[in-house]
1. Going out from 0 in 10 Å bins, what whole percent of all Cα-Cα distances in the range 419-514 drops into each bin?
2. First obtain the Kirkwood hydrodynamic radius of the range 332-466 from its Cα pairs, then insert it into the Stokes-Einstein equation at 37 °C and 0.692 mPa s, and state the resulting D in µm² per second as a whole number.
3. In vacuum, with every alpha carbon of the range 272-329 counted as one equal point scatterer, what does the Debye formula give for log10 I(q)/I(0) at q = 0.15, 0.19 Å⁻¹? Two decimals, please.
4. With a cut-off of 12 Å, note down the residues of the range 430-461 whose backbone N falls inside the zone around a label point 7 Å from the Cα of Glu260 toward its beta carbon.
5. Could you give the C-alpha radius of gyration of the range 211-336 expressed as a fraction of 2.2 N^0.38 Å, taking N as the number of residues it contains?
6. If the viscosity is 1.567 mPa s and the temperature 4 °C, what Stokes-Einstein diffusion coefficient in µm²/s follows for the range 484-619 when Rh is the Kirkwood radius over Cα pairs?
7. How about the range 296-393: which trypsin sites (Lys or Arg not before Pro) there are in a DSSP loop, with at most 12 other Cβ atoms within 10 Å of their Cβ?
8. Looking at this model, which pairs from Lys406/Lys716; Lys406/Lys514; Lys678/Lys713 are more than 24 angstrom apart at the alpha-carbon?
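All of the numbers you see were taken from the coordinates with simple rules; none came from a lab. Values in this document were obtained by computation on a predicted structure and should not be read as measured data. A quick note on method: Cβ atoms are made from the backbone with ideal geometry, for glycine too, and the neighbour counts reach across all protein chains shown.
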Amino acid sequence: MSAPSLESSPAPGAEPVTIGPDDGAIQLRLFLRLLIPAAFGFGLADGAVALAFRDLSALVGTLGLVSFAVWTAIWCLPRVGRQSTERIVLRLAVAMFVPIFCGGLLVRNAVAIATLVPLAVALPYAGRRTMAELGLAAIGLAVLVAAATDVVPVSQAVPLPIQTTLSVAVMIASFGMVTLLIGQFAARLRSTTQELANVIDLSTQLAQTLDPREIGDLTARYVANAIGADECGICYWDEGSDRILTYGYYPPERRGAVDETYLLADYPATRRVLEQQVVLIVNDNDPLADAAEVAYLHSIGQHAMATLPLLAKGRALGAIEATAHRPDFFDTRKVRLAQTLAAEAGMALENARLYEELRHQAFHDSLTGLANRALFQDRVEHAVARRPGDESSLVAVLFLDLDDFKTINESLGHAGGDQLLAAVADRLRGCLRASDTPARLGGDEFAVLLEDLRDESEATHVAQRIIDALKPPIRIGATAAVIATSIGIAATGPGEDGAMELLRNADFAMYQAKHRGKGRYEIFRPSLRESATASAALEALLRGAEERDELRLHYQPVVDLTDGTIVGLEALVRWQAPGRGLLMPSDFIGLAEESGLIVQIGRWVLDRAVRQTEAWRIAYGLDNLSVGVNLSARQFQHPDLVAEVGGALAGSGLEPSRLILEITESVLMQTTTATIGKLADLRRIGVRLAIDDFGTGYSSLGYLERFPVDILKIDKTFIDGIGERGDRPVLARAIVQLGRALDLSVVAEGIERAEQVRVLRRLGCTRGQGYLFARPLTEDELEPILARGSVPVPGRTAGPTRRRRVNPPVDDADGAEPIPIRRNRGVA
């Protein structure tokens, strides 16, 4: 991974602000400021000797030393800090051989140590090969100067004391320069060693934690101390919200001076650092500096800032923001050191992020982001354990199970079901405090942990808030899905054993809520355990009831409100449970739906109802007699429903139009393509479709035209108030008028009083059923009424009675035994 480039321009197109030189450049500048006057001094000394004694060697030395001093002053010194220090040093080292050679002609005995000066200059910067080449050049130079004696004889004009003095001076100067360079090199080695120690120490410290905040604080402290910055912040880039979060700050007492988080959009220069992975230097003396960055510096009382990206695996996780009071504080060495430390911090933050992600996945549901079962149980255990001993506060668990979710999930498809669960989780969060813990335990089961409650009523308020929040339809694509939930509540109290008992109790209460009608909550009481045990036993007993001939069908007539003629029947199932007597649908249908047994039971009801209706139709000459069979949501979603209906009709001989399948409004609210397609398939085989309990669900009026339905059955709740205390039947009238507008038949359910019949006839509703005409009857009880063909209707003369015909054999297409008209069913 390449290091981020150094850049000091805070805005695209701006001229860069000069970054101060590093320590190497500073040391080189100090050395040159000593070298240039020394070269001039020795050159002038050689020149004076050459003039005084007319010596050629001294003249050559003068030219070489002065030329080198001029070149160094004009070319080298201005480039220090602006160009590569290594490049300048290597050229300087090579150039130094010229004055050494020229001066050596006069003071040959000083050449040995003078040749070490270029080596000492290049030592901190050059590689092994370059140093070897420079060493060979120095040896060659010494040999060349020594051999030059034969070419250029030792001057006899210059007195020996002067030559000795110059030689000693050269040796002292050379030794001093070498000592200075070695001292600078040693200082750089110590600095590098300290930097390496800082990196190793930081790496060691970071390896001991996976807490992002602790990583931030450690990195901020090490960076600030290593480069000498006054303050340092470690920031994390939350790309989702496009915000910068402060993970660490040094010194910690100054943390309150900076914002914990800020929008990246307000700081475009910082965005460049992250997106382009560059290093940015800003000081408030620069007129081109980003105004937002300068304003930030002034807000914390600083004048310069270096912003470096925190990188891991090629992407920016965040940034290091080091600040200083001195505007020209930041140099290349400090920035490079900060980058080295940033690389360690970046990898540590990435490891912490991966750890947090794995930890989150281990303890959170991936679909909803809520706590999972393991984390929820742990939270409940801790909540129960830290309760005060004086029972001054309660801990409560709410156990939620979505009603009929399997049916809805099958209609929406698994992707749509996942969206629904995520939407439920969002609504659940909106009902809770920040201190509450919502969880998804699996499938369509959710739970909530409530702590520090004064009494149970606070838990019930939360439960009701959740139930109300889930009532509005949830939009899944083009579908408006309606979902409800049953909630069990269990709170701690005297004698509670612990967290597991609390969870079990809430589960018991939830099942009780389902058995009592769904879409409600129940508070756990010890008696519920017995109820749950009884439910489990009842479910086991219900399995195979249809095979053991324990199911019974009762029928309630549907009559013409004008003359009492029986125009249809509604088939209603009962269960003759061994040792329990005759059970009503409210006692076992909910259990059958939850367990899936409703599919087998529904298949039996359909087959029995159409066979018996066809037998009655033939026996009593009731050509227009129809039968209504209720379909549960789970039955409707069963993939073989259409085939089973067609098979039942074929086996009974009943005309398809004589079968009415009654579906609740909540099923039709799942307006998926599959739902509409199944309705269309049923209509294609000729059966009629009715919406049962119409008006009790969330309004589906906007979709009625899309559904191929034939009949609206007005729910009993809209009939009950008719004729009482002068109430006006507003809703009943609206449903009748709606049926007319859509060319649908309307049937009133639950008619119990004569005045209800009169009002319904006046509204235009011509068909109804209820206890006023007949309660649900056994087959034996119903046959005398069918033989008459009608029932008395208040204010009207009963329709003509029908002469009972002899029951002919029923031609059973599938070879099943014909159903006799009279047979003792053994119904209690």
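1. 14, 48, 29, 8, 1, 0
2. 186
3. Once normalised to I(0) and log-transformed, intensities are -0.43, -0.65.
4. None, by backbone N distance to the label point.
5. Numbers: Rg = 13.2 Å, N = 126, 2.2 N^0.38 = 13.8 Å.
Its radius of gyration relative to the 2.2 N^0.38 Å reference: 0.96.
6. 74
7. In loop regions of the range 296-393 (DSSP not H, G, I, E or B), the sparsely surrounded trypsin sites (Lys or Arg not before Pro) are Lys313, Arg386.
8. In this structure, Lys406/Lys716 lie more than 24 Å apart at Cα.
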